[in-house]
Amino acid sequence: TDQQSQLEGSVLDFKIIKDTQYVNAEKLLVVAVTIDATVMKHETKPDVNFDVRLFGVKTVYKNNDKLMFSVQPTIDCYLNFFAWVDAESNLMYPSSYEKSILLAAEKTVLFPISDRIDYKLILEHKENEKGRLIFVFTKTPMKFIQKDASQKTSPDEIISWINAIPLDQKKVFNLPILIQQ
């Protein structure tokens, strides 16, 4: 999905029509999937002047570690930040504890912004869990619409939302992480 968000078209949603798996003559597993998809063709190209320096994000965290990071954008922008571990996704920022703020060009901002909140990475199901931290910077406020107040969402909803943002309006970081005991 991280490569897909930089293409000239984006898949907004899809339904799997047919899923076939077999071993071919060379003894390789072949997977063929047919989908019915809604695709949006982008009318813009990424803005080469829109970039963000992201500091402090690690690839491996211990259970209950606090995530702290800082950002320094090249232009004024806004952030939506998600944690995606296993099949569960959460909107981490903005939240009811931290309202969205304008991130000023060339200024470094440390997150969390509020001292009333910690971004904790917690193991829920296993000894180790793979996940992703998704940072979506946009030139204008683009609120991610939650279905309820729980801050939980599905990965598909996040991807569809990101893909619907015009290429010249966003900068996306989709970073893999591992949480360990």
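The values are calculated or read from the model by the stated rules, or taken from the named source; none is laboratory data. Remember, predicted model here, so these are calculated numbers, not experimental data. Side chains included, ligands, DNA and RNA excluded: accessible areas come from the protein's heavy atoms. Shrake-Rupley method; radii C 1.70, N 1.55, O 1.52, S 1.80 Å.
Based on DSSP, what percent of beta bridges with both residues in the chain are antiparallel, to the nearest 5?
On the way: 50 of 53 bridges.
Looking only at bridges with both residues in the chain, the antiparallel portion is about 95 percent.
Classify the stretch 34-106 as rounded, prolate or oblate from the Cα gyration tensor: take a ≥ b ≥ c as the square roots of its eigenvalues, call it rounded if a/c is under 1.5, otherwise prolate when a/b beats b/c and oblate if not. It is oblate, given that a/c is not under 1.5 and a/b is not larger than b/c.
In whole angstrom, how far apart do the alpha carbon centroids of the stretch 153-171 and the stretch 69-143 sit? Going from one Cα centre to the other spans 15 Å. Considering only 106, 127, 98, the mean-square fluctuation computed in a Gaussian network model of the chain, springs between alpha carbons under 10 angstrom, is largest for 127.
Using a ≥ b ≥ c from the Cα gyration tensor of the stretch 73-145 (square roots of the eigenvalues), is it rounded, prolate or oblate, where a/c under 1.5 gives rounded and otherwise the larger of a/b and b/c decides, a/b for prolate? Walk me through the numbers on the way to the answer.
On the way: a/c = 2.16, a/b = 1.88, b/c = 1.15.
Since a/c reaches 1.5 and a/b is larger than b/c, the shape of the stretch 73-145 is classed as prolate.
Take every Cα pair under 8 Å in the chain that's 6+ residues apart, average their separations, divide by the length, and report that relative contact order as a whole percent. Spell out each step's value before the answer.
Numbers: 365 pairs, mean separation 50.1, N = 181.
After rounding, I find 28 percent.
Helix 155-164 and the longest principal axis of the Cα set of the chain meet at an angle near 80°.
Over the chain, dividing the summed -39,500 (n - 2.57) contributions of all DSSP H runs of at least 4 residues by the number of residues returns a 222 nm mean residue ellipticity of -1500 deg cm²/dmol.
Protein heavy-atom accessible surface, 1.4 Å probe, per residue over the chain: 60 Å². If a/c stays under 1.5 just call it rounded; otherwise compare a/b with b/c (prolate if a/b is bigger, oblate if not). Do that for the stretch 108-181, with a ≥ b ≥ c from the square roots of the Cα gyration tensor eigenvalues. It is prolate, given that a/c is not under 1.5 and a/b is the larger ratio. Extension gain, residue 125 to residue 108: 0.36 nm times the residue separation minus the Cα-Cα distance gives 2.6 nm.
Only Cα pairs under 8 Å and 6+ residues apart enter the sum, and on that basis the relative contact order of the stretch 81-181 stands at 39 percent. Shown here: Rg and Dmax of the Cα atoms in Å, derived from the displayed model; of the candidates (i) 18.8, 57; (ii) 15.3, 46; (iii) 18.1, 60, it corresponds to (iii).
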